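The values are calculated or read from the model by the stated rules, or taken from the named source; none is laboratory data. For clarity, every value in this text was computed on a predicted model and none was experimentally measured. To get the accessible areas, we keep the full protein, side chains included, count just its heavy atoms, and leave off ligands, DNA and RNA. Shrake-Rupley method; radii C 1.70, N 1.55, O 1.52, S 1.80 Å.
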Amino acid sequence: MSVKSTNSDGRVIIRNGPRSLENRAPAQPKKAARKNASFLPPGNPNYRKWRDQFNPLRGLTIKKAIVLLEQAQRGIMAEYQWACRLVERRFPELTALISRRVSAIMEMDWEIKTVAPEDSDPEAIAKTALANKQAAKLREAYEGIGNLYEAIETLLMATFRGFGFCEKIVNPIGEIIELRPVSCWNLVKDGSSPRWKYNPDANNQNFESLPGDVLPMERFVWREVERPLNEIALVLFLRANHANKNWDAFLEIYGVPGGVVILPPSVPEDKQSEYQDAAKEIALGGSGSLPHGSDYKPNDGPRGTNPFIDHLKHVSEQLVLAGTGGKLTMLNDATGIGGSQGDVHADAFRQIAAADARDISELLQRQIDAAILDAAFPGQPRLAYFELNFREEVKATEIVDTVAKLHGAGFVADAAEISEKVGLKLTTKAEPQDPVDGKKTEKAQAEALANREEKDPLKKLVPQALTKDAAAAMRAKLPDVLVELGSSPELAAFFEEVFAMAFVSGAATKESE
């Protein structure tokens with residue numbers, strides 16, 4: 001389902017719902033059955049099984065993480081991206097950032113906008129017609145992509161991973177029917193150059209040693225980010241794990257008070273092992289008894305305060321600071337800014353999502369819109385384009401107020417469209433009925449007749465119809481009036497009343513003569 005509207009600046013917008021079944025274009029069975037295979041070669045299934053069973057976080061240290069970052073800088077992505085894949089799952093702050101940014105952009109609608117001029121000269125009219133045709137073409141193309149929002153999420157994740165690739169899967173007539181995501185660990189880059197290769201087995205090798213051709217970029221939709229967050233998150237993840245491990249050891253020593261038991265010198269040799277077991281149980285916080293003269297010395301408390309909470313808080317602040325562009329420092333603490341904490345966080349991620357959407361929209365315009373419009377309208381200017389944007393929420397009271405003002409100005413709004421905007425089922429107001437027999441009251445009849453007279457084109461003819469002098473004028477205008485009466489039952493009924501009154505008046509006049 002799409003809704004066509006016009007902005008205040010005159011641009012035509014075709015809106016489409018984000019993910020609901022009724023607003024997404026249904027998959028075309030014929031196209032799906034005839035779609036082409038992937039351009040990318042298949043990998044060795046044995047390598048895939050090995051990769052699935054390999055945990056890169058086991059034994060991962062800061063030194064190893066620096067090696068992975070240096071490899072990624074040279075374009076070797078397999079080990080680095082595989083490690084980041086698990087960090088995204090197991091680092092709570094990073095997981096929260098991803099969820100918030102993805103959910104923010106998934107709330108958006110995709111739209112097709114036009115840049116046609118508003119002038120009424122022939123050239124402007126021709127451009128407007130061209131813009132509308134281009135908008136219809138783009139809308140049809142995007143509705144035919146069955147996984148559009150999955151592709152948008154892949155492009156958004158380039159913010160964290162550094163890049164995101166989706167392969168254009170087309171049907172035999174060249175229409176895009178799928179934007180299939182490509183795993184980051186299956187790609188290799190030639191250093192800082194724009195050249196990429198596909199690494200089907202996810203081997204940890206560089207661009208030059210990897211066989212295969214350079215990827216034809218026109219067959220992909222891709223996004224690169226200069227400052228990916230995972231480069232920061234990988235090191236912070238290891239620091240947070242180190243702090244948590246030491247905190248656990250700290251709690252083992254000082255969380256449950258322990259100590260040392262000193263046995264008296266008079267313990268018999270055959271009882272020493274038994275007393276030692278009892279002493280160990282007591283030292284670990286258990287219960288038991290020891291011979292007279294035993295001494296218990298508890299472990300001393302730590303010097304100063306617990307350093308691990310502050311360290312973990314610092315790690316979290318660093319990641320959230322980088323992930324929100326400085327708009328937030330923590331996701332779970334008070335912000336100190338006016339308004340509720342939830343509103344501040346929601347506004348921050350809404351602003352971030354707007355920037356992400358603008359970036360993704362522009363690259364889709366370059367990598368999809370341009371090819372579609374140039375093929376369908378060769379040599380013509382591009383007057384339509386794809387855009388992601390938040391749905392404009394309008395309060396029901398504002399809609400009702402606008403409709404009332406339009407009605408006062410002489411315009412009538414469509415009841416179905418008003419019902420859709422307001423979210424309420426609308427029906428016409430019933431006319432008052434007599435409480436006894438259910439017929440209209442005399443007052444209601446008079447009001448209804450007055451309303452019909454006010455709106456009826458015959459109201460100016462009625463006084464004339466009751467006089468003999470205006471009969472000729474009435475007959476002259478009658479054909480035009482009858483044409484209008486044929487499409488209005490209310491006017492036809494009123495017409496009958498008018499002629500009945502005229503007939504009675506004429507009869508009375510004849511009798512008096």
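Quick notes
- Using a probe of 1.4 Å, the accessible surface attributed to LEU321 totals some 70 Å² when neighbouring protein chains are kept in position.
- Placing ILE368, ILE66 in order of accessible area, with the largest value first and a 1.4 Å probe, yields ILE66, ILE368.
- The alpha carbon convex hull volume per residue for the stretch 75-131 rounds to 154 Å³.
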